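Here's the structure, in structure tokens; my notes come after.
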Ligand SMILES: C[S@@+](CC[C@H](N)C(=O)[O-])C[C@H]1O[C@@H](n2cnc3c(N)ncnc32)[C@H](O)[C@@H]1O
């Protein structure tokens, strides 16, 4: 199943080259890129960089913080947080092609000293107990059936009192998800929790839930705006391929019909 998930995300061609070529074609110079230039492709979740900033603000971070990003993808959220606070962020992700791309992109924007990416599984984190001052996970658990293991691992590697920010796609009350969606082409690798299940999963892992924010309506508006505007130089299509437009149409309906919801949790270890 892990291979099916990694294959869904990283089965394509040379991702770094595709992103570099797209940026150069649109007139950008790789020597003068900023993290914001990369956001349309490397903040791989609904509501983009702004959603990462909102989550980060609740994590009580400072320059000395050691932060873990679980399911770090192309590294956009990790770089955003590193840039906001001058802290160090370690990203871990199942998809090797994403870890390699995350490392390359960090070099382009001069953030290599502040971030590190390695391949690994959220349900078996390769870190000692109480390593991190904060952790976040953005749009990852939809691919993970054993969320109890994932959150128990997050709790284990956090220092007591550390904050854990979760922003995920949940199962809504409006019916079954319409596929394909950006995290799965069919139900085989899609495992959405309900909002009720999330509360017991997080508290069952030993977290105190401090704040819950439902952003479903904002997410719907974000997707509608994305579908309506001219696409930026490089988008999620770089790795999701030619069915990305269909995924976008499905996501708009999934949100409109409340088949999915987007919800954030701020927790304390
Ligand atoms: C939709 S992307 C989100 C990436 C990133 N968090 C972001 O918001 O830009 C989902 C990511 O979760 C990763 N993932 C899925 N299952 C995982 C697991 N068991 N352990 C680690 N990463 C996983 C995928 O490889 C993919 O990079």
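The values are calculated or read from the model by the stated rules, or taken from the named source; none is laboratory data. Computed from a prediction, not measured in an experiment: that's the story for all the values here. Counting neighbours? That spans all protein chains shown, and the Cβs are built from the backbone with ideal geometry, glycine included.
Can you tell me which residue in the stretch 12-58 is farthest from the ligand (Cβ to nearest atom), limited to those that are touching a helix residue (DSSP H, G or I) at 6+ places or on another chain (Cβ under 8 Å) and not in a helix (DSSP H, G or I)?
Here the residue is 28.
Kindly establish whether residue 106 is more than 10 Å from the ligand (Cβ to nearest atom) and touching a strand residue (DSSP E or B) at 6+ places or on another chain (Cβ under 8 Å).
Yes.
Suppose we filter 116, 130, 135 for residues that are more than 10 Å from the ligand (Cβ to nearest atom), in contact with a strand residue (DSSP E or B) (Cβ under 9 Å, 6 or more places away or on another chain) and at positive phi; which single one remains?
It is 130.
Going by the structure shown, is residue 51 crowded, with 16+ Cβ neighbours inside 10 Å, under 12 Å from the mean Cα position of the chain (by Cα) and free of Cβ contacts under 8 Å to residues at least 40 places away in the same chain?
In short, no.
Has the stretch 205-225 got any residue that is more than 16 Å from residue 262 (Cβ to Cβ), in contact with a helix residue (DSSP H, G or I) (Cβ under 7 Å, 6 or more places away or on another chain) and either modelled with pLDDT under 95 or in a helix (DSSP H, G or I) (or both)?
Within the stretch 205-225 (the criterion being more than 16 Å from residue 262 (Cβ to Cβ), in contact with a helix residue (DSSP H, G or I) (Cβ under 7 Å, 6 or more places away or on another chain) and either modelled with pLDDT under 95 or in a helix (DSSP H, G or I) (or both)), the answer is no, since none of the residues qualifies.
What's the number of the condition residue 64 fails, among (1) more than 10 Å from the ligand (Cβ to nearest atom); (2) assigned to a loop (DSSP other than H, G, I, E, B); (3) within 13 Å of the chain's Cα centre (by Cα)?
So residue 64 meets the others, but not (3).
Name the residues in the stretch 82-112 that are part of a helix (DSSP H, G or I) and over 19 Å from the mean Cα position of the chain (by Cα), would you?
Selection gives 107, 108.
State yes or no: is residue 237 within 20 Å of the chain's Cα centre (by Cα) and touching a residue at least 60 places away in the same chain (Cβ under 8 Å)?
no
Would you check which residues across the stretch 138-148 are more than 8 Å from the ligand (Cβ to nearest atom) and in a loop (DSSP other than H, G, I, E, B) and list them?
145, 146
State the number of residues belonging to the stretch 113-123 that are assigned to a strand (DSSP E or B) and in contact with a helix residue (DSSP H, G or I) (Cβ under 7 Å, 6 or more places away or on another chain).
4
For the stretch 18-38, what are the residues that are within 30 Å of residue 163 (Cβ to Cβ) and surrounded by 18 or more Cβ atoms within 10 Å (Cβ to Cβ)?
If the condition is that a residue be within 30 Å of residue 163 (Cβ to Cβ) and surrounded by 18 or more Cβ atoms within 10 Å (Cβ to Cβ), then 35, 37, 38 are the ones that fit.
Scan the stretch 166-187 and tell me whether some residue there is in contact with a strand residue (DSSP E or B) (Cβ under 9 Å, 6 or more places away or on another chain), over 20 Å from residue 251 (Cβ atoms), within 13 Å of the ligand (Cβ to nearest atom) and not in a loop (DSSP other than H, G, I, E, B).
No: zero hits.
Are any residues in the stretch 69-81 within 9 Å of the ligand (Cβ to nearest atom), assigned to a helix (DSSP H, G or I) and more than 20 Å from residue 14 (Cα to Cα), and if so, which ones?
Residues satisfying the conditions are 77, 78.
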